[in-house]
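Okay, structure first, notes after.
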Amino acid sequence: MQNNIAILPTSFEIDRNEASNITTKLLAEKFAKLYNTYIFTGNIRKKKKKEIYKNIQIIRYSKISGFPKSFRPLKYLNATLTHLTASFLSYYKFQKKNDLKLDLVIGFSASNLLVIRTLLFKLFNKNTKTIHVFKSKSDFGNYTYKWLLNKLDLIIVQNKSLKYELKQKGIKTKITLINSPINTLKFKSLKNKKELKQKYGLQNKQIILYYGHFNRFKGVEYLIEAFKLVKNKTINLILIPSDNSHKNKYQDLLVNHIFKHRIKILSAKTPIIEVLSIADVVVLPYPQLTSTESNPSCIIESLSCKTPVITSKLKELKLVFQNNILYALPKNPLDISNQINKLLKNKDLQKELKHKGYILSKQFDINKISQKYITLIDKLINEAKF
């Protein structure tokens, strides 16, 4: 008889092109081969209340509403309550009809306050094992709720610095380091580069690529400013958002840009592997890692496609990627441009980083990462039985 496990993300959509959503889906697909796997989440975007994807049951019954949108404090409270309780309320409604008992739940969040979402499931069954995964640092809470974290059975983090920080805060729960995964079989450099460059109108061009969210946590504006200092006329900047909601804002930044004719913002639906295959460098200038995974998927995907990466000189990133990528000072367009110019002028450095980065990317493959999770899940469930 298979064990029942549940994954508890803030939101989940099968086709949404967003890092946390993708990594959750990759793990759930692997878990579903061994366990009865459920995803309980809030119905934030008015999706189907119940659907099945590759033997994974996705339940979205609950969305708390009723506060006036114009009143920001209540709107914030509404969102917080939804994030805290939606997964549990979805389970509560589903459980009444299906008599589902969970052996283990895995919560995912940045904020330590959302550990409450994971622990609520013990109200139904005190023997349910609880794992909480901190995918990134949060600007809310700062891991001060140690009494909550100490009630978990296991904490998973994605970098050594966060593990150390939690221990310094007095967290007694076991803390394990497991990185976020990608599908390395999917992210392979395509060979038809000449045809792809023609497709995107980039023949005889060197290409700087940014892809991901267009928001203040990702530092896109620093890259746009840095590009003013990249004067080689054969170098183009390509920006691809993960969705098109902020596209107009960044198009406005380009109106008076001195090199706007060398910058393109492509659609969020652009096949990212095609552009990764022709890019000479991916630049991800995070100002900090708030609301960004400690080992960002975009970096690993790029390395898997043998594309060199420049990112911010942040302690968390250097611990993970070491000397396999290049670093620029955060929020510093001059240093970003210096690193871009340094790399694009040096063929030997490009070749070295392509090789080293590709080898490193294999450590993050979903098969390796999921097996680490499965080993811990089995151990915790077996402990509850004896």
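The values are calculated or read from the model by the stated rules, or taken from the named source; none is laboratory data. Here the structure is a predicted model, which is why all the values come from computation and not from measurement. Here Cβ is always computed from backbone atoms with ideal geometry, including for glycine, and neighbour counts include all displayed protein chains.
For region 129-225, which fully contained helices (runs of 4 or more DSSP H) count at least 2 residues that are in contact with a strand residue (DSSP E or B) (Cβ under 8 Å, 6 or more places away or on another chain)? Reasoning before the result, please.
Numbers: elements: 146-149, 160-168, 193-199.
Because the criterion is at least 2 residues that are in contact with a strand residue (DSSP E or B) (Cβ under 8 Å, 6 or more places away or on another chain), the helices (runs of 4 or more DSSP H) in region 129-225 that meet it are 160-168.
Here P330 clears all of (1) in a helix (DSSP H, G or I); (2) touching a Leu at 6+ places or on another chain (Cβ under 9 Å) except the condition numbered (1).
For region 239-261, a residue qualifies if it is surrounded by 18 or more Cβ atoms within 10 Å (Cβ to Cβ) and touching a Ser or Thr at 6+ places or on another chain (Cβ under 9 Å), and the qualifying residues are I240, P241. A search for C-beta distances below 8 Å between a residue of region 361-379 that is at positive phi and any residue that is of a type outside the set (G, A, S) and in a helix (DSSP H, G or I), counting only pairs 6+ apart in sequence or on different chains, returns nothing.
Could you tell me which residue of region 1-35 is modelled with the lowest pLDDT, considering only residues that are in a loop (DSSP other than H, G, I, E, B), more than 24 Å from I272 (Cα to Cα) and of a type outside the set (F, W, Y)?
Filtering region 1-35 down to residues in a loop (DSSP other than H, G, I, E, B) leaves 1-3, 9-18, 32-35.
Filter once more, keeping what is more than 24 Å from I272 (Cα to Cα): 1-3, 9-10, 32-35.
Then drop every residue that is not of a type outside the set (F, W, Y), which leaves 1-3, 9-10, 32-34.
On the way: M1: 80, Q2: 93, N3: 97, P9: 92, T10: 86, A32: 98, K33: 97, L34: 98.
The residue in question is M1.
For region 226-236, residues that are part of a loop (DSSP other than H, G, I, E, B) and either under 17 Å from D252 (Cα atoms) or without any contact (Cβ under 8 Å) to a residue 60 or more places away in the chain (or both) total 3.
Look at (1) at pLDDT 95 or above; (2) of a type in the set (G, A, S); (3) surrounded by 16 or more Cβ atoms within 10 Å (Cβ to Cβ) and you find that G201 fails only one, number (3).
Taking region 333-362 as the range and being over 30 Å from K135 (Cβ atoms) and assigned to a helix (DSSP H, G or I) as the test, the residues that pass are L334, S337, N338, N341, K342, L344, K347, D348, L349, Q350, K351, E352.
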